[in-house]
1. For Ala114 and Glu2, what does the FRET efficiency come to when R0 = 35 Å and r is the distance between their Cβ atoms, rounded to the nearest 0.05?
2. Note down the net charge around Ile80, summing +1 for each Lys or Arg and -1 for each Asp or Glu among other residues with Cβ under 12 Å from its Cβ.
3. Give the cross-link partners of Lys147 among the lysines, using a straight C-alpha distance below 18 Å as the criterion and excluding same-chain residues fewer than 8 apart.
4. Counting pairwise Cα distances across the stretch 113-152, what percent come out greater than 15 angstrom?
5. How much FRET efficiency would the formula 1/(1 + (r/R0)^6) give for Arg9 and Glu77, where r is the Cβ-Cβ distance and R0 is 25 Å, rounded to 0.05?
6. Quick one: pull the percent of accessible area on the stretch 1-128 belonging to carbon and sulfur, 1.4 Å probe, ligands and nucleic acids left out.
7. Measuring from label point to label point, each 7 Å out along Cα→Cβ, what is the Asp23 to Ser133 span in nm?
8. When ligands, DNA and RNA are left out and all protein chains stay put, how many square angstrom of accessible area per residue does the stretch 81-152 have with a 1.4 Å probe?
Amino acid sequence: MERLITTIRCVFRLFKQPHKIGDTFTLNNTSEPMLVIGIEKYELWHDQIIIWYTCQRLDREAPTKIHTRKPSNYVVELEIKGKYDDVELKRYGLGSTILNRGQYYKIQEYTEIALKGTDLVISFLARPVYPVSQKEAKEKLFGERRKKLKIL
């Protein structure tokens, strides 16, 4: 099952305008429409800028159970535990979007990193990430299709 909210890595040549929050685009190798709902991180590499976006898939149904929105400064403390050499631990970088118990979160800052035997325990503060409503997603998708077909 593909996630409703995911991280997409995009590469742009310098001085070419990258996507902004609220923009829609389709992935190069698919026709899957995406909505930018956040920016996780960026890197400058020679004549390119690499940006990791938090995106919502517009052709997927949002869950009918919508979580109540918390204030923008609301954070929770979460913890991940894994073997010290587990490659999955690399997914938990600052700015990353993760799924925990059916809710998406963006990692804000680490609060503790500890070793317990051969396991690494990482605690961090994260804020909830909410998908846009199904109505708004359909409007964005319709607007994107109109733009492609050049219909006013």
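The values are calculated or read from the model by the stated rules, or taken from the named source; none is laboratory data. Quick caveat, the model's predicted, so the values are computed rather than measured. Here the Cβ positions follow ideal geometry from the backbone for every residue, glycine too, while neighbour counts run over all protein chains shown. These accessible areas exclude ligands, DNA and RNA; they are computed on the full protein's heavy atoms, side chains included. Shrake-Rupley method; radii C 1.70, N 1.55, O 1.52, S 1.80 Å.
1. Calculated value: 0.60.
2. -2
3. Leaving aside lysines fewer than 8 places away in the same chain, those within reach of Lys147 are Lys20, Lys138.
4. Cα-Cα pairs in the stretch 113-152 separated by more than 15 Å: 67 percent.
5. 0.35
6. In the stretch 1-128, the share of accessible area belonging to carbon and sulfur is 52 percent.
7. It is 2.6 nm.
8. Dividing the accessible area of the stretch 81-152 by its residue count gives 69 Å².
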